[in-house]
1. Within the stretch 155-173, can you find the residues that are part of a loop (DSSP other than H, G, I, E, B) and of a type outside the set (Gly, Ala, Ser)?
2. Listed residues Ile58, Ile53, Ile7; which is open to solvent by less than 10 Å² (accessible area, probe 1.4 Å) and either touching a Leu at 6+ places or on another chain (Cβ under 8 Å) or among the β-branched types (Val, Ile, Thr) (or both)?
3. Going through the stretch 100-113 one residue at a time, which ones are assigned to a helix (DSSP H, G or I) and open to solvent by less than 30 Å² (accessible area, probe 1.4 Å)?
4. Would you check if Ala77 is open to solvent by less than 30 Å² (accessible area, probe 1.4 Å), of a type in the set (Gly, Ala, Ser) and either outside any helix (DSSP H, G or I) or under 25 Å from Asp172 (Cβ atoms) (or both)?
5. Please specify each residue of the stretch 92-104 satisfying the condition of being free of Cβ contacts under 8 Å to residues at least 12 places away in the same chain and out of contact with any Leu (no Cβ under 9 Å at 6 or more places or on another chain).
6. Out of Lys47, Lys96, report the one residue that is under 27 Å from Val188 (Cβ atoms), basic (Lys, Arg) and part of a helix (DSSP H, G or I).
7. Ser119 is checked against (1) of a type outside the set (Asp, Glu); (2) in contact (Cβ under 8 Å) with a residue 60 or more places away in the chain; (3) surrounded by 24 or more Cβ atoms within 10 Å (Cβ to Cβ) and fails just one. What number does that condition carry?
Amino acid sequence: MIKTVGIIGSGTMGSGIAQVAATSGCTVKIYDTNQTALDKSKASLEKILTRLIEKGRIDEVEKSRIQTNITYVNDLADLRDSELTIEAIVENLEIKQKVFATLETYVSDTAIIASNTSSLSIASIASSLKKPERCVGIHFFNPAPLMKLVEVVPAIQTSKTVLDIAVQTISDWKKVVAVAKDTPGFIVNRVARPFYGESLRIYEEGLADFATIDWSLKTIGGFRMGPFELMDFIGNDVNYTVTETVFTAFYYDPRYRPAFTQKRLSEAGYLGRKTGKGYYDYTEGAVKPKPIEDTILAQQIFDRVLVMLINEAADALFLNIASAADIDNAMTKGVNYPKGLLSWADEKGISWCVEKLDALYDEYHEDRYRCSPLLRKMNKENKSFF
(Lines give C-alpha, C1' and ligand atoms only; values in the text may rest on other atoms or scores of the structure.)
Protein backbone atom coordinates (compact mmCIF):
# COMPACT_ATOMS: atom_id res chain seq x y z
CA MET A 1 0.00 0.00 0.00
CA ILE A 2 1.30 3.46 -0.98
CA LYS A 3 2.00 5.61 2.08
CA THR A 4 4.23 8.42 0.81
CA VAL A 5 3.16 10.59 -2.13
CA GLY A 6 4.87 13.41 -3.96
CA ILE A 7 2.98 16.01 -5.99
CA ILE A 8 4.74 18.12 -8.60
CA GLY A 9 2.86 21.38 -9.10
CA SER A 10 0.87 23.31 -6.49
CA GLY A 11 -1.83 24.66 -8.77
CA THR A 12 -5.51 23.82 -8.42
CA MET A 13 -5.09 20.27 -9.72
CA GLY A 14 -1.91 19.42 -7.82
CA SER A 15 -3.34 20.83 -4.59
CA GLY A 16 -6.57 18.92 -5.10
CA ILE A 17 -4.75 15.62 -5.65
CA ALA A 18 -2.68 16.29 -2.54
CA GLN A 19 -5.87 16.83 -0.52
CA VAL A 20 -7.29 13.51 -1.78
CA ALA A 21 -4.12 11.60 -0.88
CA ALA A 22 -3.75 13.29 2.51
CA THR A 23 -7.39 12.65 3.37
CA SER A 24 -6.79 8.96 2.65
CA GLY A 25 -3.94 8.90 5.18
CA CYS A 26 -0.91 9.32 2.94
CA THR A 27 2.05 11.51 3.83
CA VAL A 28 2.20 14.06 1.03
CA LYS A 29 4.81 16.54 -0.18
CA ILE A 30 3.80 19.20 -2.70
CA TYR A 31 6.70 20.52 -4.76
CA ASP A 32 6.77 23.79 -6.67
CA THR A 33 9.56 26.16 -7.66
CA ASN A 34 7.30 29.12 -6.90
CA GLN A 35 7.05 29.82 -3.16
CA THR A 36 4.10 32.16 -3.71
CA ALA A 37 2.23 29.32 -5.41
CA LEU A 38 3.01 27.02 -2.48
CA ASP A 39 1.74 29.61 0.00
CA LYS A 40 -1.42 30.03 -2.07
CA SER A 41 -1.95 26.26 -2.11
CA LYS A 42 -1.63 26.08 1.67
CA ALA A 43 -4.04 28.99 2.18
CA SER A 44 -6.51 27.48 -0.26
CA LEU A 45 -6.53 24.16 1.61
CA GLU A 46 -7.21 26.05 4.86
CA LYS A 47 -10.27 27.69 3.29
CA ILE A 48 -11.54 24.44 1.79
CA LEU A 49 -11.23 22.50 5.05
CA THR A 50 -12.81 25.32 7.05
CA ARG A 51 -15.74 25.28 4.65
CA LEU A 52 -16.09 21.51 5.12
CA ILE A 53 -16.25 22.05 8.88
CA GLU A 54 -18.97 24.67 8.41
CA LYS A 55 -20.93 22.15 6.32
CA GLY A 56 -20.51 19.51 9.02
CA ARG A 57 -18.56 17.13 6.80
CA ILE A 58 -15.39 17.08 8.92
CA ASP A 59 -14.35 18.30 12.37
CA GLU A 60 -11.32 20.22 13.64
CA VAL A 61 -9.45 17.00 14.41
CA GLU A 62 -9.87 15.78 10.82
CA LYS A 63 -8.85 19.17 9.46
CA SER A 64 -5.66 19.10 11.52
CA ARG A 65 -4.91 15.52 10.45
CA ILE A 66 -5.20 16.37 6.74
CA GLN A 67 -3.08 19.51 7.06
CA THR A 68 -0.42 17.68 9.08
CA ASN A 69 -0.18 15.06 6.32
CA ILE A 70 0.90 17.71 3.77
CA THR A 71 4.30 19.38 3.55
CA TYR A 72 5.18 22.11 1.04
CA VAL A 73 8.67 21.95 -0.52
CA ASN A 74 10.60 23.82 -3.23
CA ASP A 75 13.40 21.32 -3.85
CA LEU A 76 12.62 18.36 -6.13
CA ALA A 77 15.08 16.28 -4.12
CA ASP A 78 12.68 16.49 -1.17
CA LEU A 79 10.47 13.99 -3.02
CA ARG A 80 13.16 11.28 -2.83
CA ASP A 81 11.18 9.19 -0.32
CA SER A 82 7.93 9.21 -2.31
CA GLU A 83 6.65 5.80 -3.31
CA LEU A 84 4.37 7.49 -5.83
CA THR A 85 4.90 10.90 -7.41
CA ILE A 86 2.16 12.50 -9.50
CA GLU A 87 3.06 15.35 -11.82
CA ALA A 88 0.43 18.06 -12.38
CA ILE A 89 2.17 20.86 -14.26
CA VAL A 90 1.84 22.62 -17.62
CA GLU A 91 0.74 20.51 -20.61
CA ASN A 92 4.11 20.62 -22.35
CA LEU A 93 5.80 17.34 -23.24
CA GLU A 94 9.38 18.61 -23.14
CA ILE A 95 8.93 20.19 -19.72
CA LYS A 96 7.33 17.03 -18.31
CA GLN A 97 10.10 14.84 -19.74
CA LYS A 98 12.78 17.07 -18.22
CA VAL A 99 11.10 17.02 -14.79
CA PHE A 100 10.64 13.23 -14.89
CA ALA A 101 14.25 12.61 -15.88
CA THR A 102 15.46 14.78 -13.00
CA LEU A 103 13.06 13.24 -10.49
CA GLU A 104 14.26 9.75 -11.39
CA THR A 105 17.75 10.62 -10.17
CA TYR A 106 16.35 11.14 -6.64
CA VAL A 107 13.67 8.49 -6.08
CA SER A 108 14.17 4.77 -5.42
CA ASP A 109 14.21 2.18 -8.21
CA THR A 110 10.76 0.94 -7.17
CA ALA A 111 9.09 4.38 -6.97
CA ILE A 112 6.21 5.00 -9.38
CA ILE A 113 6.27 8.19 -11.43
CA ALA A 114 2.88 9.26 -12.78
CA SER A 115 1.52 12.06 -14.94
CA ASN A 116 -1.83 13.79 -14.57
CA THR A 117 -1.73 14.83 -18.24
CA SER A 118 -5.14 15.04 -19.90
CA SER A 119 -4.05 14.48 -23.48
CA LEU A 120 -0.31 13.89 -23.92
CA SER A 121 1.20 10.50 -24.71
CA ILE A 122 2.18 8.55 -21.60
CA ALA A 123 4.61 6.53 -23.75
CA SER A 124 6.38 9.75 -24.76
CA ILE A 125 6.59 10.93 -21.15
CA ALA A 126 7.84 7.50 -20.00
CA SER A 127 10.56 7.52 -22.66
CA SER A 128 12.43 10.18 -20.66
CA LEU A 129 13.06 7.65 -17.86
CA LYS A 130 15.80 5.05 -17.53
CA LYS A 131 13.11 2.79 -16.07
CA PRO A 132 10.08 3.65 -18.24
CA GLU A 133 8.16 0.67 -16.87
CA ARG A 134 7.62 2.68 -13.66
CA CYS A 135 5.60 5.36 -15.48
CA VAL A 136 1.80 5.48 -15.69
CA GLY A 137 -0.89 8.04 -16.37
CA ILE A 138 -3.14 8.95 -13.42
CA HIS A 139 -5.58 11.55 -14.70
CA PHE A 140 -7.81 13.29 -12.15
CA PHE A 141 -10.63 15.65 -13.04
CA ASN A 142 -11.13 19.13 -11.65
CA PRO A 143 -11.91 19.63 -8.80
CA ALA A 144 -10.03 16.49 -7.79
CA PRO A 145 -11.54 16.14 -4.28
CA LEU A 146 -15.10 16.21 -5.67
CA MET A 147 -14.90 14.41 -9.02
CA LYS A 148 -15.18 10.64 -8.56
CA LEU A 149 -13.46 9.48 -11.73
CA VAL A 150 -9.75 8.91 -12.28
CA GLU A 151 -8.43 7.58 -15.59
CA VAL A 152 -5.47 5.24 -15.13
CA VAL A 153 -3.49 5.00 -18.35
CA PRO A 154 -0.69 2.47 -18.82
CA ALA A 155 1.91 3.23 -21.49
CA ILE A 156 3.17 0.37 -23.62
CA GLN A 157 6.23 0.41 -21.32
CA THR A 158 4.25 0.28 -18.05
CA SER A 159 4.67 -2.94 -16.06
CA LYS A 160 1.61 -4.85 -14.91
CA THR A 161 2.76 -4.47 -11.31
CA VAL A 162 2.86 -0.68 -11.61
CA LEU A 163 -0.58 -0.64 -13.25
CA ASP A 164 -2.04 -2.86 -10.53
CA ILE A 165 -0.56 -0.69 -7.76
CA ALA A 166 -1.87 2.49 -9.42
CA VAL A 167 -5.39 1.06 -9.78
CA GLN A 168 -5.40 -0.21 -6.18
CA THR A 169 -4.06 3.08 -4.81
CA ILE A 170 -6.66 5.21 -6.57
CA SER A 171 -9.38 2.78 -5.46
CA ASP A 172 -8.08 3.07 -1.88
CA TRP A 173 -8.46 6.82 -2.25
CA LYS A 174 -12.19 6.14 -2.82
CA LYS A 175 -12.18 7.08 -6.50
CA VAL A 176 -13.81 5.28 -9.43
CA VAL A 177 -11.08 3.96 -11.73
CA ALA A 178 -11.42 3.72 -15.50
CA VAL A 179 -8.47 2.04 -17.22
CA ALA A 180 -7.85 3.59 -20.64
CA LYS A 181 -5.54 2.87 -23.54
CA ASP A 182 -2.76 5.41 -24.14
CA THR A 183 -4.43 7.20 -27.04
CA PRO A 184 -5.06 10.95 -27.52
CA GLY A 185 -7.53 12.28 -24.96
CA PHE A 186 -7.83 8.86 -23.27
CA ILE A 187 -11.57 8.34 -22.63
CA VAL A 188 -13.18 11.58 -21.46
CA ASN A 189 -11.27 14.20 -23.42
CA ARG A 190 -11.67 12.15 -26.57
CA VAL A 191 -15.33 11.14 -26.23
CA ALA A 192 -16.40 14.62 -25.03
CA ARG A 193 -15.03 16.50 -28.06
CA PRO A 194 -18.37 16.57 -29.96
CA PHE A 195 -20.10 18.19 -26.98
CA TYR A 196 -18.03 21.26 -27.75
CA GLY A 197 -17.16 20.75 -31.41
CA GLU A 198 -20.62 19.97 -32.76
CA SER A 199 -22.16 22.75 -30.67
CA LEU A 200 -19.66 25.19 -32.15
CA ARG A 201 -20.44 23.85 -35.62
CA ILE A 202 -24.18 24.39 -35.06
CA TYR A 203 -23.44 27.97 -33.98
CA GLU A 204 -21.12 28.64 -36.94
CA GLU A 205 -23.82 27.41 -39.34
CA GLY A 206 -26.13 30.04 -37.86
CA LEU A 207 -28.69 27.51 -36.66
CA ALA A 208 -28.75 28.85 -33.07
CA ASP A 209 -26.89 31.19 -30.73
CA PHE A 210 -24.84 30.22 -27.67
CA ALA A 211 -27.68 30.68 -25.19
CA THR A 212 -30.14 28.64 -27.25
CA ILE A 213 -27.71 25.76 -27.74
CA ASP A 214 -26.91 25.71 -24.02
CA TRP A 215 -30.60 25.83 -23.12
CA SER A 216 -31.39 23.01 -25.55
CA LEU A 217 -28.83 20.61 -24.11
CA LYS A 218 -29.81 21.39 -20.53
CA THR A 219 -33.56 21.30 -21.09
CA ILE A 220 -33.84 18.33 -23.44
CA GLY A 221 -30.71 16.42 -22.48
CA GLY A 222 -30.46 17.13 -18.77
CA PHE A 223 -26.84 18.29 -18.90
CA ARG A 224 -25.88 20.38 -15.86
CA MET A 225 -24.10 22.96 -18.00
CA GLY A 226 -24.37 23.79 -21.66
CA PRO A 227 -21.24 23.49 -23.85
CA PHE A 228 -20.58 27.22 -24.00
CA GLU A 229 -21.11 27.69 -20.28
CA LEU A 230 -18.75 24.77 -19.69
CA MET A 231 -16.07 26.04 -22.08
CA ASP A 232 -16.20 29.41 -20.31
CA PHE A 233 -15.85 27.60 -16.99
CA ILE A 234 -12.92 25.45 -18.17
CA GLY A 235 -11.26 28.31 -20.05
CA ASN A 236 -11.33 28.70 -23.82
CA ASP A 237 -7.54 28.53 -23.98
CA VAL A 238 -7.46 25.20 -22.12
CA ASN A 239 -10.39 23.68 -24.02
CA TYR A 240 -9.06 24.81 -27.39
CA THR A 241 -5.60 23.43 -26.65
CA VAL A 242 -7.03 20.01 -25.77
CA THR A 243 -9.08 19.97 -28.98
CA GLU A 244 -6.08 21.02 -31.07
CA THR A 245 -3.88 18.41 -29.38
CA VAL A 246 -6.38 15.61 -30.02
CA PHE A 247 -6.91 16.81 -33.63
CA THR A 248 -3.18 16.80 -34.35
CA ALA A 249 -2.55 13.51 -32.56
CA PHE A 250 -5.25 11.78 -34.61
CA TYR A 251 -3.53 12.84 -37.84
CA TYR A 252 -6.05 15.62 -38.48
CA ASP A 253 -9.16 13.47 -38.37
CA PRO A 254 -12.02 15.89 -39.23
CA ARG A 255 -14.08 14.58 -36.30
CA TYR A 256 -11.81 16.55 -33.97
CA ARG A 257 -11.27 19.69 -36.06
CA PRO A 258 -11.12 22.82 -33.85
CA ALA A 259 -13.48 25.73 -34.49
CA PHE A 260 -12.37 29.19 -35.63
CA THR A 261 -14.89 30.71 -33.23
CA GLN A 262 -13.06 29.31 -30.23
CA LYS A 263 -9.65 30.07 -31.73
CA ARG A 264 -10.55 33.72 -32.21
CA LEU A 265 -11.94 34.03 -28.68
CA SER A 266 -8.72 32.54 -27.32
CA GLU A 267 -6.60 34.89 -29.43
CA ALA A 268 -8.63 37.85 -28.18
CA GLY A 269 -8.10 36.83 -24.57
CA TYR A 270 -11.80 36.06 -24.11
CA LEU A 271 -11.10 32.96 -22.08
CA GLY A 272 -14.32 32.78 -20.08
CA ARG A 273 -15.01 33.32 -16.43
CA LYS A 274 -11.37 33.82 -15.49
CA THR A 275 -11.06 36.86 -17.77
CA GLY A 276 -14.62 38.15 -17.36
CA LYS A 277 -15.59 37.51 -20.96
CA GLY A 278 -15.92 34.46 -23.20
CA TYR A 279 -19.01 33.23 -24.99
CA TYR A 280 -20.83 35.22 -22.33
CA ASP A 281 -20.03 38.48 -20.57
CA TYR A 282 -19.30 37.97 -16.85
CA THR A 283 -18.49 41.57 -15.97
CA GLU A 284 -20.53 43.23 -13.25
CA GLY A 285 -23.95 44.30 -14.45
CA ALA A 286 -23.78 42.31 -17.69
CA VAL A 287 -27.07 40.73 -18.78
CA LYS A 288 -26.91 37.15 -19.99
CA PRO A 289 -28.70 36.72 -23.34
CA LYS A 290 -31.98 34.80 -23.32
CA PRO A 291 -32.36 31.64 -25.39
CA ILE A 292 -34.96 31.08 -28.06
CA GLU A 293 -37.13 28.54 -26.26
CA ASP A 294 -38.23 26.60 -29.32
CA THR A 295 -38.66 22.95 -28.31
CA ILE A 296 -38.53 21.66 -31.89
CA LEU A 297 -35.22 23.43 -32.51
CA ALA A 298 -33.96 22.33 -29.11
CA GLN A 299 -34.70 18.70 -29.91
CA GLN A 300 -32.86 18.96 -33.22
CA ILE A 301 -29.81 20.48 -31.53
CA PHE A 302 -29.80 17.90 -28.76
CA ASP A 303 -30.22 14.95 -31.15
CA ARG A 304 -27.34 16.13 -33.32
CA VAL A 305 -24.92 16.62 -30.44
CA LEU A 306 -26.00 13.42 -28.69
CA VAL A 307 -25.60 11.17 -31.71
CA MET A 308 -22.10 12.57 -32.31
CA LEU A 309 -21.21 11.85 -28.68
CA ILE A 310 -22.62 8.32 -28.95
CA ASN A 311 -20.66 7.75 -32.17
CA GLU A 312 -17.44 8.80 -30.44
CA ALA A 313 -18.12 6.53 -27.47
CA ALA A 314 -18.92 3.61 -29.77
CA ASP A 315 -15.71 4.16 -31.71
CA ALA A 316 -13.70 4.25 -28.47
CA LEU A 317 -15.14 0.82 -27.64
CA PHE A 318 -14.56 -0.39 -31.21
CA LEU A 319 -10.87 0.55 -30.94
CA ASN A 320 -10.49 -1.02 -27.47
CA ILE A 321 -9.74 2.28 -25.72
CA ALA A 322 -11.68 1.03 -22.68
CA SER A 323 -14.53 -1.29 -21.74
CA ALA A 324 -18.16 -0.27 -22.26
CA ALA A 325 -18.65 0.03 -18.50
CA ASP A 326 -15.53 2.19 -18.09
CA ILE A 327 -16.57 4.45 -20.98
CA ASP A 328 -20.00 5.06 -19.46
CA ASN A 329 -18.55 5.50 -15.96
CA ALA A 330 -15.98 7.94 -17.34
CA MET A 331 -18.62 10.21 -18.82
CA THR A 332 -21.03 10.16 -15.87
CA LYS A 333 -18.40 10.42 -13.14
CA GLY A 334 -15.71 12.37 -15.00
CA VAL A 335 -17.83 15.11 -16.60
CA ASN A 336 -21.21 14.60 -14.92
CA TYR A 337 -23.15 13.53 -18.02
CA PRO A 338 -26.73 12.64 -17.07
CA LYS A 339 -26.35 9.15 -18.60
CA GLY A 340 -23.62 6.93 -19.97
CA LEU A 341 -23.45 7.43 -23.73
CA LEU A 342 -23.56 3.74 -24.59
CA SER A 343 -26.53 3.26 -22.28
CA TRP A 344 -28.11 6.28 -23.96
CA ALA A 345 -27.52 4.60 -27.34
CA ASP A 346 -29.38 1.51 -26.14
CA GLU A 347 -32.23 3.71 -24.93
CA LYS A 348 -32.53 5.65 -28.20
CA GLY A 349 -31.96 2.53 -30.28
CA ILE A 350 -28.89 1.60 -32.33
CA SER A 351 -30.93 1.97 -35.53
CA TRP A 352 -31.82 5.56 -34.50
CA CYS A 353 -28.11 6.32 -34.07
CA VAL A 354 -27.15 4.89 -37.46
CA GLU A 355 -30.00 6.67 -39.25
CA LYS A 356 -29.13 10.04 -37.65
CA LEU A 357 -25.45 9.73 -38.53
CA ASP A 358 -26.17 8.62 -42.08
CA ALA A 359 -28.55 11.56 -42.52
CA LEU A 360 -25.82 13.98 -41.37
CA TYR A 361 -23.30 12.35 -43.70
CA ASP A 362 -25.73 12.51 -46.62
CA GLU A 363 -26.30 16.20 -45.91
CA TYR A 364 -22.68 17.26 -45.48
CA HIS A 365 -20.61 14.54 -47.19
CA GLU A 366 -17.93 15.09 -44.56
CA ASP A 367 -15.92 12.32 -42.93
CA ARG A 368 -16.70 14.07 -39.65
CA TYR A 369 -20.10 12.36 -39.73
CA ARG A 370 -19.01 8.82 -40.63
CA CYS A 371 -20.82 6.19 -38.60
CA SER A 372 -18.71 3.97 -36.33
CA PRO A 373 -18.32 0.47 -37.82
CA LEU A 374 -19.36 -0.91 -34.44
CA LEU A 375 -22.73 0.88 -34.54
CA ARG A 376 -23.34 -0.30 -38.07
CA LYS A 377 -22.45 -3.90 -37.19
CA MET A 378 -24.61 -3.84 -34.06
CA ASN A 379 -27.53 -2.48 -36.04
CA LYS A 380 -27.28 -5.31 -38.56
CA GLU A 381 -27.07 -7.89 -35.76
CA ASN A 382 -29.81 -6.20 -33.70
CA LYS A 383 -27.54 -5.97 -30.64
CA SER A 384 -27.27 -3.51 -27.76
CA PHE A 385 -24.31 -2.40 -25.62
CA PHE A 386 -25.71 -3.67 -22.32
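1. Across the stretch 155-173, the qualifying residues are Ile156, Gln157, Thr158, Trp173.
2. Of the residues listed, the single one that is open to solvent by less than 10 Å² (accessible area, probe 1.4 Å) and either touching a Leu at 6+ places or on another chain (Cβ under 8 Å) or among the β-branched types (Val, Ile, Thr) (or both) is Ile7.
3. Within the stretch 100-113, the subset assigned to a helix (DSSP H, G or I) is 100-104.
Those that are assigned to a helix (DSSP H, G or I) and open to solvent by less than 30 Å² (accessible area, probe 1.4 Å): Phe100, Leu103, Glu104.
4. Values: open to solvent by less than 30 Å² (accessible area, probe 1.4 Å): yes; of a type in the set (Gly, Ala, Ser): yes; either outside any helix (DSSP H, G or I) or under 25 Å from Asp172 (Cβ atoms) (or both): no.
No: the conditions fail for Ala77.
5. To start, the set of residues in the stretch 92-104 that are free of Cβ contacts under 8 Å to residues at least 12 places away in the same chain comprises 92, 94-95.
Listed by number, the residues that qualify are Glu94, Ile95.
6. The match here is Lys96.
7. Of the numbered conditions (1) of a type outside the set (Asp, Glu); (2) in contact (Cβ under 8 Å) with a residue 60 or more places away in the chain; (3) surrounded by 24 or more Cβ atoms within 10 Å (Cβ to Cβ), the odd one out for Ser119 is (3).
Residues checked against (1) touching a residue at least 40 places away in the same chain (Cβ under 8 Å); (2) under 15 Å from Pro289 (Cβ atoms); (3) open to solvent by less than 20 Å² (accessible area, probe 1.4 Å):
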{"position": "Arg201", "(1), (2), (3)": "yes, no, no"}
{"position": "Ile213", "(1), (2), (3)": "yes, yes, yes"}
{"position": "Ser216", "(1), (2), (3)": "yes, yes, yes"}
{"position": "Ile220", "(1), (2), (3)": "yes, no, no"}
{"position": "Arg224", "(1), (2), (3)": "yes, no, no"}
{"position": "Glu229", "(1), (2), (3)": "yes, yes, no"}
{"position": "Ile234", "(1), (2), (3)": "no, no, no"}
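The values are calculated or read from the model by the stated rules, or taken from the named source; none is laboratory data. Source: prediction; values computed, not measured. Note that we place each Cβ from the backbone using ideal geometry, even for glycine, and neighbour counts take in every protein chain shown. Side chains are part of the model used for accessible areas, which takes the heavy atoms of the whole protein and leaves out ligands, DNA and RNA. Shrake-Rupley method; radii C 1.70, N 1.55, O 1.52, S 1.80 Å.
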